[in-house]
């Protein structure tokens, strides 16, 4: 089977590689929270890429994109992943922008999309709450209509981002319904609106999350994205655009190649690490896993191009395999480096610039967007067609586990 690309597509790939090779210094880090200098660098590069239409190549030209197809977008994502690019406004580009394309009014598109594609503004996604993580529909933040305003009260947690946001994409409960996912609505909220406060939440690996509090925050009807009480469905549709992220595999492949080169040039007990059978087995496993991830991402990109929207059977294989790799690969890398793998970036004797230690820390937090157990349940039901656990049996199991915890 031929997986090649057209001449024009390869030309685009080279154009993007040349641009980032020129703009990116060798020692730049994709962890913006490490320093103000890094934040300024990434913001400047984001604006440069925005001027060329590279930030949103699949968007229409009238909104600052290049009007390209899903395969070309996949190529752009792959190149960005290879270079380890972490756009300051990743949320705006991959969540808010697609959401506005699908459900926003013409006025909202005209107002927000050019700002996002140009790299001038920063958006944060305010979905997760203390009681609403994997259970996306269990939102407690409320928006109540009072006169011609909506008054928002509540709390959002683990909102990632090390930059000062301009806008917040907020999901809030606007009706008490059963089932509960039918009473949610999306709002665009200016980050400096009175009543909005934020507290930093430092994370492992140098990243930063935030806690946002909404205390009688007022917005108008023009802040609503899509239909009232249909926000959950809008969010689920928007999440489809994350499924074909070819950049994840590209970045993983480059990091693996760097580790392979390290193993070839580093000796242990008088022999290159690459000669150790256990090391070779670990490298081979990671290479196979990454290739599976790459093919899954490209399959989804192709499906997107064929269907425009993904169906219920188009399971998030990219997220599934990338999550599996995130749990296993850092441990394998730690095993290969031994004690050196524990040394952080900046340490005198750190190998590979401390990337192994930093990667291990970052992946410990990979429980967002649904736990692995929740993803397996969806996979079992939607893809394999297995029956769901009856509610009564599920309750019995949970009660037994809770009782076991009390006894321990």
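The values are calculated or read from the model by the stated rules, or taken from the named source; none is laboratory data. It should be emphasised that the depicted structure is a prediction, and the values quoted were computed from it without experimental measurement. Please note: Cβ atoms are built from the backbone with ideal geometry, for glycine as well, and neighbour counts cover all protein chains shown.
Figures for the structure shown
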{"quantity": "Filter result (under 11 Å from residue 225 (Cβ atoms) and outside any helix (DSSP H, G or I)) within segment 75-116", "calculated": "104, 105"}
{"quantity": "Options 96, 151; residue that is under 15 Å from the mean Cα position of the chain (by Cα) and more than 30 Å from residue 26 (Cα to Cα)", "calculated": "96"}
{"quantity": "Filter result for residue 137 (in contact with a helix residue (DSSP H, G or I) (Cβ under 7 Å, 6 or more places away or on another chain), free of Cβ contacts under 8 Å to residues at least 60 places away in the same chain and not in a strand (DSSP E or B))", "calculated": "no"}
{"quantity": "Qualifying residue in segment 167-184 (condition: modelled with pLDDT of 95 or more, touching a helix residue (DSSP H, G or I) at 6+ places or on another chain (Cβ under 7 Å) and within 21 Å of residue 113 (Cβ to Cβ))", "calculated": "yes"}
{"quantity": "Residue satisfying all of: in segment 170-218; in contact (Cβ under 8 Å) with a residue 60 or more places away in the chain and in a loop (DSSP other than H, G, I, E, B); nearest to residue 108 (Cα to Cα) among these", "calculated": "191"}
{"quantity": "Residue satisfying condition, being at pLDDT below 95 and touching a strand residue (DSSP E or B) at 6+ places or on another chain (Cβ under 7 Å), within set 152, 157", "calculated": "157"}
{"quantity": "Filter pass, residue 190 being more than 21 Å from residue 36 (Cα to Cα), in contact with a strand residue (DSSP E or B) (Cβ under 9 Å, 6 or more places away or on another chain) and surrounded by 15 or more Cβ atoms within 10 Å (Cβ to Cβ)", "calculated": "no"}
{"quantity": "Residue in segment 65-87 that is out of contact with any strand residue (DSSP E or B) (no Cβ under 8 Å at 6 or more places or on another chain), assigned by TED's automatic domain parsing to the domain that holds residue 186 and under 23 Å from residue 375 (Cβ atoms) present", "calculated": "no"}
{"quantity": "Segment 325-384 - residue that is part of a loop (DSSP other than H, G, I, E, B) and in contact with a strand residue (DSSP E or B) (Cβ under 9 Å, 6 or more places away or on another chain) and, of those, modelled with the highest pLDDT", "calculated": "365"}
{"quantity": "Sole residue being in the same structural domain as residue 355 (by TED's automatic domain parsing), surrounded by 20 or more Cβ atoms within 10 Å (Cβ to Cβ) and touching a residue at least 60 places away in the same chain (Cβ under 8 Å), chosen from 273, 293", "calculated": "273"}
{"quantity": "Output for segment 117-134, where each listed residue is assigned to a loop (DSSP other than H, G, I, E, B) and in contact (Cβ under 8 Å) with a residue 24 or more places away in the chain", "calculated": "118, 119, 120, 121, 122, 127, 128, 130, 133, 134"}
